[in-house]
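To keep things clear, I will list the structure first and then write my remarks on it.
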Amino acid sequence: MPQPLRQIALATLALTVAMGLAACGRKDDPLPPLRYVPAPTRDLSVHQQGPDLILNMAYPQSTTSGQALPGLDSVEIWWHQLPAGASSTEVPERTFQAQATQLFLLSGAELQSSIVGDRIETRFTVPETVGEDSKTAWAVRSVGSTGEISPFSNLAGLAFAARLDAPSGIELTPEVAGVRIDWTTPEGAVGSHIYRRNATQRRFGQPLHQAETDISSFLDRSARYSQRYIYTVRAIAALDPLVESDPSSEREIHYRDTFAPAPPESLIALGERGGARLVMEASPSRDAVGYIIYREDPQADFRRVTADPVASLEFRDSGLTTGLTYRYYAVAVDGAGNEGEPSSTATVTVP
């Protein structure tokens, strides 16, 4: 290759390499910082309990882009009181966002104390400007730990109702099948909610049972022996949205197994050489774990002949005297040691 062409080729190669090196060293434009905007709450609910409001929502877990939310700083609670004479609590989202005001900010220790499992539940007093039959709409906005604020939640409407008296005359009665709660329902109620909590818990959860208007007694079959329970009852003024009365006075009970099982339904004594064989039908009580046998010897009183309860429905009593007549009865016993009433007696003469 002629010298001038070779010099041109080398110069071109050098320029290409230099441009490539320059391109390798160039940095792209910086990416925008990630945003952690909390996703809007979609399950906000609000109901009235006496003079208080209860707001309940799922704890924010994700961002609007579906990422895990790094943390929650606070929750803004907004409300809008509809004009007098409004026919319902429904309000367009645009109207709410334009006219609603922030009632308060749930943050710090108050926020932490409102967390129940994977939900947030907070209680506050009804604003003084709200009268009976006032219609309101509510929403929340979540503020993430980075300061980003979520869009408004779903709108929850509430029409305030006249306050009902609390139920009265609360009585707790332990029974074999559970704890019976009796109360007096105030006039104007459309039903009652029964609440229960373990004595070691701080607060009541969801209602244990909803009773109809004309019902004022409930048997809590889910109660378990050896537990301490606290019960209260609230009258219901409206169901959708829920409006409840103040709670009744609380009642506590230590639900213990003090109930003796029913006796065996039959007892038969069959004579055998030097003894007797007893055959019985099981006690109808599901908690019966065994049976205690009592025997009356001639010219004597009944006495216990089994040191420990027998689990079998048959029992052989040996060492008896031929020709003498004996009488027997059995009692059922449960796991707590409660002995039931005697069964019918069975008589046998030893052959």
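A few points about this structure:
- Selected residue (only one of ARG251, ARG316, ARG303 is basic (Lys, Arg), at pLDDT 95 or above, surrounded by fewer than 18 Cβ atoms within 10 Å (Cβ to Cβ) and within 35 Å of the chain's Cα centre (by Cα)): ARG251
- Matching residues, the range 34-48, being buried (at least 18 other Cβ atoms within 10 Å of the Cβ) and modelled with pLDDT under 95: TYR36, VAL46, HIS47, GLN48
- Odd one out for ALA237 among (1) closer than 30 Å to GLY191 by Cβ; (2) modelled with pLDDT of 95 or more: (2)
- Condition check for ASP297: surrounded by 12 or more Cβ atoms within 10 Å (Cβ to Cβ), acidic (Asp, Glu), in contact (Cβ under 8 Å) with a residue 12 or more places away in the chain and within 13 Å of PRO264 (Cα to Cα): no
- Among the residues of the range 66-83, those that are assigned to a loop (DSSP other than H, G, I, E, B) and touching a residue at least 40 places away in the same chain (Cβ under 8 Å) comprise LEU69, PRO70, GLY71, LEU82.
- Considering the range 153-219, the qualifying strands (runs of 3 or more DSSP E), each wholly inside and each with 3 or more residues that are farther than 29 Å from THR41 by Cα, run over 168-175, 178-184, 191-198.
- Residue within the range 321-343 that is among the polar types (S, T, N, Q), at pLDDT 95 or above, assigned to a strand (DSSP E or B) and surrounded by fewer than 19 Cβ atoms within 10 Å (Cβ to Cβ) present: yes
The values are calculated or read from the model by the stated rules, or taken from the named source; none is laboratory data. Nothing here was measured: the structure is a model prediction, and the numbers come from that model. Quick reminder, even Gly has a Cβ in these numbers, built from the backbone with ideal geometry, and neighbours come from all protein chains shown.
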